[in-house]
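The values are calculated or read from the model by the stated rules, or taken from the named source; none is laboratory data. Keep in mind that what you see is a predicted model, and the values were worked out from it rather than measured. When we count neighbours, we look across all protein chains shown, and the Cβ atoms used for this are built from the backbone with ideal geometry, even at glycine. These accessible areas exclude ligands, DNA and RNA; they are computed on the full protein's heavy atoms, side chains included. Shrake-Rupley method; radii C 1.70, N 1.55, O 1.52, S 1.80 Å.
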Amino acid sequence: MVSASDDPAALLAQGRLAEAESASERRLATHPDDPAALKIAALGALRRADPARARALLQQAARLTPEDGGVHFQLARACEASGDPQGALAADLAAVRLEPAHALARLHLAMGLERKGEPRQALAHFTRALKDAQGSGHWLDAASTPATLQPLVEHAVDVVRRGRREYLQQLLEPLTARYGRTALERVHAAIRIYLGEQHADYPDPRQRPTFFYIPGLPASAYFDRRLFAWLPAFEALYAPIRAELEPLLGTSATRERVFHSGELEAANLRSATAAPSWDGYYFYRYGERREENCAACPVASRALDALPLIRIREHGPEVLFSVFTAGTHLLPHRGVTNARAVSHLPLLVPGDCALRVGGEVHAWREGRVVVFDDTYEHEAWNRSDRVRVVLIADIWNPHLTESERAAVTDCIAALGDLRGLEAAH
């Protein structure tokens, strides 16, 4: 048994670095395959500017404990000190694969990728490193960032801001050339707000998009029905659309939960009478067409495809027969962007069923469409003893021009690609 005074790990924990290094060397003389001693001895070697020995020790530790991300991170630093950027890059990559939340390893990996000439990959890792560190309360400002790291973190922040801006501006260049800068100024301003370069000045303080805000659009909780020329024709199909709905209610074959987990349901749904439930028979989900439901409801499907649906790859539209069981209450929440408006065609409204948007209550009436801005805090309830069904469709905000719709489509799809790239790493 190793005494506390000769235990390298215990001495290191006490901040007695020199004694820990000496103890690790003694330990290795009799136990050359002790991973903890190898790591501490490597620290000492790096401190003495002997990266070759540190690297040899850490390579041995990595062979003994290949699943230890910390060993690979230390090995990367030894490779850097040895003048081997490729070795450092490989070791940092191994570290983040083993410990995806290791923000410092990811930060160094991003630096290595940037030096290698892979800016898009570097951008993804810089973004993920900042997100992980800041999510745990680090790297938020000078006070939460070690002085030795501040230049690296400041560089990461600059790269992320600049990289996203350049990526989005390049994306918009063809549209700007086609329509002119003035025609797309609101979208350019939205990008500046998204990047934190411009303050979001909300004309209505109740409005707060969670993701992408386009300034300069008229703001109101509910849209004036006169803005939608298609409304009368759509409402005229209320009866045949309801007739198509009714057979679906007797089957669960194509019904989907709106929330993907019990945890989300528990956080967002309530009921004073029975277990709450919010399900949907989808025509589109995240922009993907549900062919079986569309085929089962041809009148509804044709009517919906005639609407100005917000079609953005992997994002929208969301179109569904929205089913609240008796007593279900959807708690207050907000939508992601004011580029979108949400249309409701009420099909089955048995009693006290209503929507509250921005503090303004609207009681659904069967066959009468209501369109609202879901970036206002909103909630909905079915206080009756029967099922309530509304046909929900995501449509374009009617105040956006065609050129702005095209630009927003490209921007949101591109931002989704960046987020996916970050998540994949």
Quickly run through region 184-209 and pick out the residues that are touching a strand residue (DSSP E or B) at 6+ places or on another chain (Cβ under 9 Å), part of a loop (DSSP other than H, G, I, E, B) and modelled with pLDDT under 95. none
Across region 14-45, what is the number of residues that are surrounded by fewer than 20 Cβ atoms within 10 Å (Cβ to Cβ) and part of a helix (DSSP H, G or I)? 11
Suppose we filter 390, 371, 408 for residues that are part of a helix (DSSP H, G or I) and among the hydrophobic types (A, V, I, L, M, F, W, C); which single one remains? 408
The condition from (1) touching an Asp or Glu at 6+ places or on another chain (Cβ under 6 Å); (2) aliphatic (A, V, I, L, M); (3) at pLDDT below 95 that residue 219 misses is numbered (3)
Qualifying residues in region 335-369 (those that are of a type in the set (Val, Ile, Thr) and either surrounded by fewer than 16 Cβ atoms within 10 Å (Cβ to Cβ) or under 29 Å from the mean Cα position of the chain (by Cα) (or both)) - the one farthest from residue 226 (Cα to Cα): 336
Identify, by number, the condition in (1) crowded, with 18+ Cβ neighbours inside 10 Å; (2) closer than 21 Å to residue 212 by Cα; (3) touching a helix residue (DSSP H, G or I) at 6+ places or on another chain (Cβ under 9 Å); (4) not aliphatic (A, V, I, L, M) that residue 318 doesn't meet. (3)
Looking at this structure, is residue 326 open to solvent by 10 Å² or more (accessible area, probe 1.4 Å) and under 13 Å from residue 241 (Cβ atoms)? no
Long-range neighbours under 6 Å by Cβ, at least six apart or interchain, first residue under 17 Å from residue 298 (Cα atoms) within region 245-257, second open to solvent by 90 Å² or more (accessible area, probe 1.4 Å) and in a helix (DSSP H, G or I): 254/292
Determine the pairs where a residue that is under 13 Å from residue 47 (Cα atoms), located within region 8-26, has a partner that is in a helix (DSSP H, G or I) and at pLDDT 85 or above with Cβ atoms under 6 Å apart, the partner being 6 or more residues away or on another chain. 20/40; 21/44
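Tell me, yes or no, whether region 230-246 has at least one residue that is in a loop (DSSP other than H, G, I, E, B) and touching a strand residue (DSSP E or B) at 6+ places or on another chain (Cβ under 7 Å).
Step one: list which residues in region 230-246 are in a loop (DSSP other than H, G, I, E, B), which gives 230, 236-237.
When the remaining residues are screened for being touching a strand residue (DSSP E or B) at 6+ places or on another chain (Cβ under 7 Å), the result is none.
Scanning region 230-246, I find no residue that is in a loop (DSSP other than H, G, I, E, B) and touching a strand residue (DSSP E or B) at 6+ places or on another chain (Cβ under 7 Å), so the answer is no.
Of all residues being assigned to a strand (DSSP E or B) and either over 16 Å from residue 240 (Cβ atoms) or charged (D, E, K, R) (or both) in region 282-309, which is most open to solvent (accessible area, probe 1.4 Å)? Just the residue, please. Before you say what the answer is, go through the steps one by one.
Going residue by residue through region 282-309, those that are assigned to a strand (DSSP E or B) are 282-285, 288-289, 309.
Then drop every residue that is not either over 16 Å from residue 240 (Cβ atoms) or charged (D, E, K, R) (or both), which leaves 282, 284-285, 288-289, 309.
Details: 282: 3, 284: 17, 285: 10, 288: 113, 289: 79, 309: 9 Å².
Going through the qualifying residues, I end up with 288.
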Which one of 235, 246, 265, 256 is among the acidic types (Asp, Glu) and open to solvent by 60 Å² or more (accessible area, probe 1.4 Å)? 246
Tabulated pairs, region 113-135, first of a type in the set (S, T, N, Q), second buried (at least 19 other Cβ atoms within 10 Å of the Cβ) and modelled with pLDDT of 90 or more, C-beta under 7 angstrom, 6+ apart or interchain: 121/113; 127/160
Could you check, for region 256-272, whether at least one of its residues is touching a helix residue (DSSP H, G or I) at 6+ places or on another chain (Cβ under 8 Å) and closer than 30 Å to residue 192 by Cβ? no
Kindly list the number of the only condition in (1) over 30 Å from residue 360 (Cβ atoms); (2) open to solvent by 30 Å² or more (accessible area, probe 1.4 Å) that fails for residue 203. (1)
Quick one: is residue 290 touching a strand residue (DSSP E or B) at 6+ places or on another chain (Cβ under 6 Å), under 19 Å from residue 388 (Cβ atoms) and basic (Lys, Arg)? no
Neighbours by Cβ (under 6 Å, 6+ apart or cross-chain): first from region 399-413, crowded, with 19+ Cβ neighbours inside 10 Å; second in a helix (DSSP H, G or I) and among the β-branched types (Val, Ile, Thr): 404/187; 407/187
